[in-house]
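Visitor: Below: one structure in structure tokens.
The values are calculated or read from the model by the stated rules, or taken from the named source; none is laboratory data. Model, not experiment: these values are computed from the prediction. Counting neighbours? That spans all protein chains shown, and the Cβs are built from the backbone with ideal geometry, glycine included. Accessible surface is based on the protein model in full, side chains and every heavy atom, while ligands, DNA and RNA are left aside. Shrake-Rupley method; radii C 1.70, N 1.55, O 1.52, S 1.80 Å.
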Amino acid sequence: MGIYIGNHVSSSGGFVAMGKRALAVGGNTFAFFTRNPRGGSAAAIDPEDAKGLIALMKEHNFGKLVAHAPYTMNLCSDKEDIRTFARNMLADDIKRMEYIPGNYYNLHPGSHVGQGEEAAITLIADALKEVAVPGISTTVLLETMAGKGSEVGKTFEELAQIMDILGNPKEIGVCLDTCHVWDGGYDIVNDLDGVLKRFDDVIGLERLFAVHINDSKNVLAAHKDRHEKIGDGNIGAEALKRIVNHPALKDKPFILETPCDDEGYKREISLIRGWVK
Ligand code: FE
Ligand code: FE
Ligand code: ZN
């Protein structure tokens with residue numbers, strides 16, 4: 001049945017426009033920002049446009065979509081007004097996601113900005129408690145982070161702690177970013193099975209819902225987070241090929257966040273489709 005793969009598309013023009021953009025590069029899933037990546041107010045949703053995307057996805061056998069929260073959303077800021085802003089954005093985004101039910105909403109857990117991981121983890125769990133409630137059809141995904149600055153989520157343990165506080169509800173899961181885990185120190189090149197075993201032991205592979213498939217400009221454990229085109233970085237094509245074919249990963253939506261234009265994405269999507277056994 002092949003692979004669900006796509007890129008991060010521009011959200012201008014609404015839902016159907018995004019779906020068509022994904023199709024134009026050969027995708028059968030995609031990622032998009034729910035609002036300006038720098039945050040702020042979001043454009044009103046046209047329910048008919050949402051229905052149009054649902055129909056298009058059905059017609060073309062799309063996998064789950066992986067929406068992305070704005071980068072500025074810091075649920076564990078040391079400043080209350082920034083936390084409130086983040087919580088409001090999160091709540092509004094979850095409402096918006098329900099126009100296209102049953103998809104994924106991925107977020108960066110946040111940066112603790114000097115407060116330490118423990119305090120931050122409590123703040124993040126607190127914020128998620130309000131929105132990831134029974135009844136929502138969206139699955140909220142915490143992204144594995146590279147550990148740049150004071151980012152929370154650079155270890156599987158930190159993500160597990162957030163989910164443990166919440167009681168591991170089915171509405172919360174994880175999105176694994178290959179560049180981030182590599183930069184975070186998980187050797188997916190030489191020991192993919194070991195890393196996934198670790199993920200399973202600490203979080204549980206049943207909580208892994210999506211993959212951001214990126215190469216990295218940096219070496220293992222660099223804690224930098226600079227994505228590279230597929231095959232041009234330190235992870236490399238062979239390791240990424242093993243990732244898309246791994247039994248624990250192969251049915252997930254794979255999202256490219258590589259530094260490409262549309263022609264580049266088209267090439268990468270077709271390259272990766274060719275890798276699938
Ligand atoms: Fe991200
Ligand atoms: Fe990512
Ligand atoms: Zn990144």
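Visitor: Roughly how many percent of the accessible protein surface of the range 223-277 is carbon and sulfur, given a 1.4 Å probe and a whole-percent answer? Don't skip to the end; give the middle numbers.
Guide: Numbers: 1290 of 2820 Å².
Summing carbon and sulfur atoms, their accessible area is 46 percent of the total for the range 223-277.
Visitor: Right, here's the next one. Cα atoms only: what Rg and Dmax, in Å, come out for the range 1-50?
Guide: When restricted to the Cα atoms of the range 1-50, Rg and Dmax are 11.9, 39 Å.
Visitor: Moving on. Can you work out the accessible area per residue across the chain, with the rest of the protein chains kept in place, probe 1.4 Å, in square angstrom?
Guide: On the way: 11590 Å² over 277 residues.
With the other protein chains kept in place, the chain gives 42 Å² per residue.
Visitor: Given R₀ = 25 Å, what would the calculated FRET efficiency be for Asn61 paired with Glu238, taking r from the Cβ atoms and rounding to 0.05?
Guide: On the way: r = 28 Å, r/R0 = 1.14.
With a Förster radius of 25 Å, E is 0.30.
Visitor: Here's something else I'd like to know. Averaging over every viewing direction, what projected area does the convex hull of the Cα atoms of the range 4-275 cover, in nm²?
Guide: On the way: hull surface 51.3 nm².
Result: a mean projected hull area of 12.8 nm².
Visitor: Can you compute 3J(HN,Hα) from phi for each residue in the range 207-219, using the Karplus curve 6.51 cos²θ - 1.76 cosθ + 1.60 with θ = phi - 60°, rounded to whole Hz and x for Gly and Pro?
Guide: For the range 207-219, the Karplus-derived couplings read 9, 8, 10, 8, 10, 8, 9, 9, 8, 10, 6, 10, 8 Hz, x marking Gly and Pro.
Visitor: Can you pull the one-decimal nm distance between simple spin-label points at Glu263 and Ser12, each 7 Å off the Cα toward Cβ?
Guide: In this crude label model, Glu263 to Ser12 measures out at 2.0 nm.
Visitor: Quick one: if the Förster radius is 45 Å, what FRET efficiency do Ala44 and Asn190 give, using the C-beta to C-beta distance and rounding to 0.05?
Guide: Numbers: r = 49 Å, r/R0 = 1.08.
The formula returns an efficiency of 0.40 here.
Visitor: Relative contact order for the chain: what is it in percent, counting Cα pairs under 8 Å that are at least 6 residues apart?
Guide: Numbers: 574 pairs, mean separation 49.2, N = 277.
After rounding, I find 18 percent.
Visitor: At a probe size of 1.4 Å, how large is the accessible area of Ser11, to the nearest 10 Å²?
Guide: The value for Ser11 is about 50 Å².
Visitor: Let me ask you something else. Name all residues of the range 154-195 having a backbone nitrogen under 13 Å from the label point set 7 Å from the Cα of Arg226 along its Cα→Cβ direction, giving them as ranges.
Guide: none
Visitor: Taking 0.36 nm per residue of sequence separation and subtracting the Cα-Cα distance, how much length would be gained by fully extending the chain between Tyr99 and Lys79, in nm to one decimal? Before the final figure, lay out each step's value.
Guide: Details: separation 20, 0.36 × 20 = 7.20 nm, distance 3.15 nm.
Difference between extended and current length: 4.1 nm.
Visitor: Let me ask you something else. Under a Cβ-only charge scheme (Lys and Arg +1, Asp and Glu -1), can you give me the dipole magnitude of the range 128-238 about the Cα centre, in debye to the nearest 20? Write down the numbers at each step before the final one.
Guide: Values: 11 positive and 20 negative charges, 49 e Å.
Dipole size: approximately 240 debye.
Visitor: Could you tell me the relative contact order of the range 78-216? Use alpha-carbon pairs under 8 Å, at least six residues apart, and round to a whole percent.
Guide: Numbers: 210 pairs, mean separation 31.0, N = 139.
In percent, rounded to a whole number, it is 22.
Visitor: Sum -39500 (n - 2.57) across every DSSP H segment of at least 4 residues in the chain, then divide by the residue count to get the 222 nm mean residue ellipticity, nearest 500. Mind dumping the intermediate values first?
Guide: On the way: 9 runs with 108 residues, N = 277.
Theoretical 222 nm ellipticity from helices: -12000 deg cm²/dmol.
Visitor: Sort the range 160-262 into rounded, prolate or oblate with this rule: let a ≥ b ≥ c be the square roots of the eigenvalues of the Cα gyration tensor; rounded if a/c is under 1.5, and if a/c is not under 1.5, prolate when a/b is larger than b/c, oblate otherwise.
Guide: prolate
Visitor: For the chain, give me the percentage of DSSP beta bridges that are antiparallel, rounded to the nearest 5 percent. The partial results should precede the final answer.
Guide: Values: 4 of 30 bridges.
Roughly 15 percent of the DSSP beta bridges within the chain come out antiparallel.
Visitor: Also, quick follow-up: 7 Å from Cα along Cα→Cβ at both Glu130 and Val276: what's the point-to-point distance in nm?
Guide: So the label points at Glu130 and Val276 sit 3.9 nm apart.
Visitor: Expressed in whole Å with the largest first, what are the equivalent ellipsoid semi-axes of the range 33-129 derived from the C-alpha gyration tensor as the square root of 5 times each eigenvalue?
Guide: Numbers: eigenvalues 175, 37, 20 Å².
Computed over the range 33-129, the values are 30, 14, 10 Å.
Visitor: With a 1.4 Å probe and every protein chain left in place, tell me how much accessible area Asp92 has, in Å² to the nearest 10.
Guide: Accessible surface of Asp92 is approximately 60 Å².
Visitor: Mind listing which trypsin sites (Lys or Arg not before Pro) in the range 1-102 are in a DSSP loop and have 14 or fewer other Cβ atoms within 10 Å? Before the final figure, lay out the partial values.
Guide: Values: sites: Lys20, Arg21, Arg35, Arg38, Lys51, Lys58, Lys64, Lys79, Arg83, Arg87, Lys95, Arg96; in loops: Arg35, Arg38, Lys64, Lys79.
Sites meeting the loop and neighbour criteria: Arg38, Lys79.
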